[in-house]
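All remarks here apply to the structure that follows.
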Amino acid sequence: MKKLINAPDDVLTDALIGFGAAYPELTVNLEDRYITRGPTAGKVGLVSGGGSGHEPLHGGFVGYGMLDAACPGEVFTSPVPDQLLAATKAVNGGAGVLHIVKNYTGDVLNFQMAAELAGDDGLQVESVLVNDDVAVENSTYTAGRRGTGGTVFVEKIVGAAAERGADLATCAAIGREVNDRSRSFGVALTANVIPATGSPGFELGDNEIEIGVGIHGEPGRARGPMSTAREVAAIALEAIHADMPLDDEVMVMVNGLGGTPLIELYVVYAAVADWLKAHGGIITRNLVGDYITSLEMAGCSITVCRMTPDLTDLWDAPVQTPALRWGR
Amino acid sequence: MKKLINAPDDVLTDALIGFGAAYPELTVNLEDRYITRGPTAGKVGLVSGGGSGHEPLHGGFVGYGMLDAACPGEVFTSPVPDQLLAATKAVNGGAGVLHIVKNYTGDVLNFQMAAELAGDDGLQVESVLVNDDVAVENSTYTAGRRGTGGTVFVEKIVGAAAERGADLATCAAIGREVNDRSRSFGVALTANVIPATGSPGFELGDNEIEIGVGIHGEPGRARGPMSTAREVAAIALEAIHADMPLDDEVMVMVNGLGGTPLIELYVVYAAVADWLKAHGGIITRNLVGDYITSLEMAGCSITVCRMTPDLTDLWDAPVQTPALRWGR
Amino acid sequence: MDTSAFRAWVHESARLITAEAEELTRLDAAIGDGDHGINLRRGFQAADEMLDKAEAETPGAVLQTVGRALISKTGGASGPLYGTAFRQAGKSLADATEVDVARLGSSLEAAFNGIQQLGAAHEGDKTMLDALGPAVTAYQVAAEGGADLVGATRAAAEAAERGLQETVPMLARKGRASYLGERTIGHQDPGAASTVLILRALATVAAGEAT
Amino acid sequence: MDTSAFRAWVHESARLITAEAEELTRLDAAIGDGDHGINLRRGFQAADEMLDKAEAETPGAVLQTVGRALISKTGGASGPLYGTAFRQAGKSLADATEVDVARLGSSLEAAFNGIQQLGAAHEGDKTMLDALGPAVTAYQVAAEGGADLVGATRAAAEAAERGLQETVPMLARKGRASYLGERTIGHQDPGAASTVLILRALATVAAGEAT
Ligand SMILES: Nc1ncnc2c1ncn2[C@@H]1O[C@H](COP(=O)(O)OP(=O)(O)O)[C@@H](O)[C@H]1O
Ligand SMILES: Nc1ncnc2c1ncn2[C@@H]1O[C@H](COP(=O)(O)OP(=O)(O)O)[C@@H](O)[C@H]1O
Ligand SMILES: [Mg+2]
Ligand SMILES: [Mg+2]
Ligand SMILES: [Mg+2]
Ligand SMILES: [Mg+2]
């Protein structure tokens, strides 16, 4: 295992120390393991969290116009209720707190417990579940679709609404709307290596790709032969299109999984733009870069959100976080 | 070779098309191969360029407060004079044009020819050479130190000065000052793969790192055993410190080479902050992320600039580019 | 079983899980995300340490302390699930200072119900319930047949082991493994494997064999 | 040599460089960045195509067109260097329509000077000059000794080949290879290798053997 770390058990602590040093405008609570910008009186507090290894998600999205706190778990392991509860209390500005939860059993259960504990303490907590990954069949026979790239859209758009004074119920409703309108699909070229185990999450042949991969390296729908950026974009977009028509105004994220050069993401974005044009889609907003990663995995995910004028307006609102910044 | 591309020969064109689609506020001239925001009347035009594969450098730094144009060559190959000349003409706002050139023979020669051609056409052109990589002995027996991470500082700071109306000579002088005050050192954990050849630039053992690597995978001072983030930071900072004392106010960039997870860069940043503190350095500004990459190479480079109040002020000035944004 | 026996159970569980952490992680790497052993080792070691410092004076208090510690420290799906299991088991013991065969049986059942309610899985979904369910049944059958604590806990541990083997041909329908669908067939469920360890620790302690 | 012979030289150079592109790249991968063959193939193919369309009616015009094409299309260090070499060689031929042994010799010398001035390298620095320098000298010695175009260009090509071999023990002091210092010893310089190909193409054309 080749990683720029000090010891596998120290990765999260060291990273939080580094993060805190790099962004002095944010507070890192090392004891309770959360990153926050503190409470804003009268504003709904937004808390997200999940396993580490997906940076910049979620810590990189704490700041004006987006999250109030992020709770990183160990690498690929959901955070625990204590830290979620501590963060929830830390960002309570009196208007209640919204939990933004990616749909994984561990995340769901831990957030649920934290919400109950917060409720016991008299806090008003709502939660939005993100489950945008069309690679998972949404059936009663699975834990349901995973939460992936759509999380970035939900956090940004709800963040803007909260900043503008939306109440807790409205924030939750907007979050669910964004989630309902968002779909993702990921493809991996190489596996990632979890520091604690030191070995690749899966084995891929030199000419194989994992189609429909999860952000923890969960295997996807199928393995396929290595193909062109155009084919990869088509596989992802067809899977999404089959689930939600893409023949309208959409926001698109071409997201690198951590080990893919940016130049390749531009190549993929060109293919995505082409495909959408050919299928009647109109890209009104986009993100191209690493926003929700899977350690050093090579590959990309594509997330699409069908926009409305209101959502676009919230998307365009100012945001000042380590990983997303504009308009102020 | 596993890459999200369509064909090795099409990488640059496809990436430029994707870049242009992703950033409609910028203009991509596919014919002459440059990215620009157009000329600003009365302002010094800033043009940089170099081989591709270092994204977001340079295209990602075109925009308000930074570059006016970037000329990408083929992957790891310097651009040609024609495109540099075309870009130079395209950003001429009447106050002359400054070329920001990383010190590689190819870049230097091609920029020099472009500058001569531009001069023949009556344009006023100056150039700043960036040569900040302390891994190369600065002797008469080499082509001199390479230009690496310091380029980001030069482009940002000169960009701010130009935006404020500094004339060509002043812009050049500030650029040289930033370069004089900047030093970089890089370490690679894995090699990169050039699309056109399809094989790794060098071979590294499972437990080896390349110390003092260049951004094209040029081998460095030595090979060493894989070590901790703390040791890697110390190796880089000691090399820099031996050349330029770090016991004062500094700006630090911990830069990912393309294949390193962001969480590792945070770990490295923590180590860098620690080391500097122990050696009397005071970090006043920082960047942590992928700014000047080497395709999918895993590893990082550390760049330090000894700041002055004026340089800090220019650093803090508004910038609106794909890869750096703040303050407006 | 008295309070110190329950403390010994937790200690032995922590020891076994630590010893088997790599194997649990290996199982999870095959059909999950490869952290089950790491998660439980962290959780049970924390529980064991917390217990050392806590003034838990009844078996019920011991189990509730463990439950809270597991919830606070484990993370992942297994943390809340095992944490809830221990808390519910502890609650069912109320203030008893000595736990007999029947009472332990109903606390195991409470554990099962706690996991079931929180995770909404059913037996056959390829989860820890597929080890715990058969164990609870075997325990109760043995107890009704007159077995003592030693016999009933041994029956439970053995049934859990059989339950674990039966997860191999199952298709996962809950948790992270469910994303793999058919590809989970042929692998043991990691949570079922850790349940076996916890019940084996119980049998060891009941038999007075713990180190 | 007339205009069409010069065109044939360029065409043969492009052919040889295309055929040897992988080998040139392999040499550059060892001590540079692995793109020399790719760069020159792109440059010479562009030069060859441009020449097909251009109305270059004198040998000098041919070489200047090639020089401009190389500068416009090659990139890297070799593009401006070879481009300048061809432009200077072309300029030295002025309006001549037929180039004799002596004239070709001075144009080769102009090429050498062009590279030398632009790149500021010296013979012994492990660059293309270490093939071109000996070639120019050998050409002139042969010409002074009465050799015709066939003999003089053959002498040049052979000397370039020897010069290339002599780059093996050299330590690079210019270009990207200079960063490797000692580690360049034991490798041929890629630019010297491409110079050999260009001069071999010249000898082939002079001998009337080009395909
Ligand atoms: N809904 C559920 N009900 C019961 N057990 C579950 C459920 N989901 C997951 N599990 C158990 O949790 C185990 C995985 O735990 P662990 O690896 O620690 O968490 P994670 O899946 O979050 O990484 C599975 O092997 C399974 O036994
Ligand atoms: N200053 C110089 N003078 C003469 N030749 C040089 C000089 N620098 C580099 N070269 C030649 O250029 C060759 C490398 O060309 P190429 O690989 O195309 O460019 P780059 O080094 O920019 O990738 C070297 O092998 C060497 O022969
Ligand atoms: Mg997990
Ligand atoms: Mg090159
Ligand atoms: Mg797991
Ligand atoms: Mg080269």
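Tell me the Kirkwood radius of the range A:32-99: reciprocal of the mean inverse pair distance over distinct alpha-carbon atoms, in Å.
For the range A:32-99, the Kirkwood estimate is 11.4 Å.
Got a sec? Charge dipole of the range A:10-181, +1 on Cβ for Lys and Arg, -1 for Asp and Glu; which of A:Leu109, A:Gly63, A:Tyr141 is way out at the positive end?
The Cα lying farthest towards the positive end belongs to A:Gly63.
Taking only the alpha carbons of the protein assembly as shown, what extent do you get along each of the three principal axes, in Å, biggest first?
119, 59, 54
What residue among B:Ala172, B:Ala41, B:Ala87 shows peak mean-square fluctuation when chain B is described by a Gaussian network model with Cα springs under 10 Å?
Maximum fluctuation in the GNM of chain B, among the listed residues, is at B:Ala41.
What Kirkwood hydrodynamic radius do you get for the range A:1-126 when you take the inverse of the mean 1/r over all pairs of distinct Cα atoms, in Å?
In the range A:1-126 this quantity evaluates to 14.4 Å.
Within chain B, which complete DSSP H helices have Cα atoms spanning at least 20 Å along the helix axis and a mean Kyte-Doolittle hydropathy of -0.5 or higher?
TM-like helix candidates: B:105-120, B:229-243, B:262-278.
Determine the principal axes of the Cα atoms in the range B:182-313, then give the extent along each, sorted from largest to smallest and rounded to whole angstroms.
So the extents along the principal axes, rounded to whole Å, are 46, 28, 27.
Using helices alone, I'd like the mean residue ellipticity at 222 nm for chain B: each DSSP H run of four-plus residues gives -39500 (n - 2.57), total over residue count, nearest 500.
One gets -10000 deg cm²/dmol as the mean residue ellipticity at 222 nm.
Which value in deg cm²/dmol, rounded to the nearest 500, describes the helix-derived mean residue ellipticity at 222 nm for chain C, given -39,500 (n - 2.57) per DSSP H run of n ≥ 4 and division by the residue count? Show your work: numbers first, answer last.
Numbers: 9 runs with 147 residues, N = 211.
The helix contribution divided over chain C gives -23000 deg cm²/dmol.
Quick one: among B:His54, B:His216, B:His241, which has the greatest mean-square fluctuation in a GNM of chain B with alpha-carbon springs under 10 angstrom?
B:His241
Calculate, in whole percent, how much of the Cα-Cα pair population of the range D:61-211 lies beyond 27 Å.
Value for the range D:61-211: 19 percent of Cα pairs lie more than 27 Å apart.
Tell me the GluC sites (Glu not before Pro) within the range B:1-109 that lie in a loop according to DSSP and have at most 12 other beta-carbon atoms within 10 Å.
B:Glu25, B:Glu31
Suppose we keep just the DSSP beta bridges with both residues in the protein assembly as shown; what percent of those would be antiparallel, to 5?
Close to 55 percent.
Gap in Å between the Cα centre of the range D:41-75 and the Cα centre of the range A:293-320?
Taking the Cα centre of each part, the range A:293-320 and the range D:41-75 sit 47 Å apart.
Shortest first and in nm with one decimal, please list how far the A:Gly205 label point sits from its counterparts in the other copies (point 7 Å along Cα→Cβ).
Computed spacing set for this position: 3.1 nm.
Lys and Arg at +1, Asp and Glu at -1: add these up for the other residues within a Cβ distance under 14 Å of C:Arg200 and post the number.
-3
Across peptide A:109-119, what mean number of C-beta atoms from other chains lies inside 10 Å of a residue's C-beta?
Counting other chains' Cβ atoms within 10 Å and averaging over A:109-119 gives 3.
Normalising by the residue count of the range B:8-180, find the relative contact order in percent from Cα pairs under 8 Å and 6+ residues apart.
Values: 376 pairs, mean separation 36.6, N = 173.
Result for the range B:8-180 is 21 percent.
Say we join alpha carbon atoms closer than 10 Å with springs in a Gaussian network model of chain B; which of B:Ser182, B:Ser294, B:Ser199 then has the biggest fluctuation?
Its mean-square fluctuation being the largest, the pick is B:Ser199.
Enumerate the whole-percent occupancy of each 20 Å bin, from 0 to the last occupied one, for all C-alpha pair distances of chain A.
Percent of pairs per bin, in order: 34, 59, 6.
Can you give me the P(r) profile for the range D:46-91? Cα pairs, bins 5 angstrom wide beginning at 0, each as a whole percent.
Taking every Cα pair in the range D:46-91, the percentages come to 6, 29, 31, 23, 9, 2.
Using alpha carbons only, how many degrees (0 to 90, rounded to 10) separate the axis of helix C:190-206 from the longest principal axis of chain C?
That works out to roughly 20 degrees.
Quick one: angle between helix D:59-73 and the longest Cα principal axis of chain D, in degrees between 0 and 90, rounded to 10, please.
On a 0 to 90 degree scale, this one is about 30.
Does anyone have the angle between helix D:129-144 and the longest principal axis of chain D? Alpha-carbon axes, 0 to 90°, nearest 10?
40 degrees
Determine the alpha carbon to alpha carbon distance for each of D:Lys91/D:Lys174; D:Lys53/D:Lys91; D:Lys91/D:Lys126; A:Lys89/C:Lys91; B:Lys2/C:Lys174; A:Lys277/B:Lys89 and list only those over 31 Å.
Over 31 Å apart, Cα to Cα: B:Lys2/C:Lys174; A:Lys277/B:Lys89.
What order do you get for C:72-81, B:301-310 when each peptide is scored by the mean count of other beta carbon atoms within 10 Å, highest first?
Top to bottom by mean Cβ count within 10 Å: C:72-81, B:301-310.
Any read-out appearing in this document is the output of simple, stated calculations on the displayed coordinates, not a laboratory observation. Worth saying up front: this structure is predicted, and the values here are computed from it rather than measured. Here the Cβ is made from the backbone with ideal geometry for all residues, glycine too, and neighbour counts use every protein chain on show.
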